[in-house]
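In what follows, a single structure is set out as structure tokens and then discussed.
The values are calculated or read from the model by the stated rules, or taken from the named source; none is laboratory data. As the structure is a prediction and not an experimental result, all values here were calculated from the model. We place every Cβ from the backbone using ideal geometry, glycine too, and count neighbours over all the protein chains shown. For the accessible areas, the whole protein counts, side chains as well, though only heavy atoms, and no ligand, DNA or RNA atoms are used. Shrake-Rupley method; radii C 1.70, N 1.55, O 1.52, S 1.80 Å.
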Amino acid sequence: MTALRTAQRPRGRRVIGRTLLAAALLTAVAAVPATAAAAPQRASASAPAHDELAASQAAQVAHFYGAYIDAVADENGGGLATALRGFYLTPDLRQELRTWEEANHADGVLRAQDVPAGFRVTAGDSGAGHAWTHVRLTWGSAADPTYTYLTVQSELASGKISGIRE
């Protein structure tokens, strides 16, 4: 049978060790508020920066164009395309697009009669309650692409798309 040997340290060494540990902890606790007060403060969460707003709206526009192009490309996607317009676009823009489409015999969201091969969305500026996003539509083949460019206006309050311009 193995005998366990426990070393008994003198009581004084334990007290000194605990005192040093307590002093170190108190010093660290006292330093934390001073460091936190010196750290730069970020803008409040209730007022995001313009770049964040524009990026958020650009993501919303990208979601819309991605789903919309897929729906229009599908032979049976007409109902989905209409539903996407109802969800993402303001009523005024939907009416404006109907008028544009009657006059131009083309899809007002894409400003074309065909479906693009791809798209790219880039955040623009924001201000006065709106954000502007740039959409590049890619047409043709990968070897010989052509591009059209749209500027999409979104309402910051609702997130809905309220304008599409060439």
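To check you understand DSSP bridge types, tell me what percent of the beta bridges within region 55-165 (both residues inside) are antiparallel, rounded to 5. Restricted to region 55-165, the bridges split so that about 95 percent are antiparallel. A straight line joining the Cα centroids of region 72-116 and region 50-69 runs 17 Å. Residues in region 48-166 average 55 Å² of solvent-accessible surface per residue, probe 1.4 Å, ligands and nucleic acids excluded.
Note the per residue figure in Å³ for the convex hull of the C-alpha positions in region 41-148.
Given the Cα convex hull of region 41-148, per-residue volume reads 132 Å³.
Using a probe radius of 1.4 angstrom, the carbon and sulfur fraction of the accessible surface of region 76-122 is 51%.
Using a cut-off of 15 Å between beta-carbons, work out the net charge of the residues near residue 63 (Lys and Arg +1, Asp and Glu -1, residue 63 not included). Spell out each step's value before the answer.
Numbers: positive: 85, 120, 160; negative: 70.
With Lys, Arg at +1 and Asp, Glu at -1, the net is +2.
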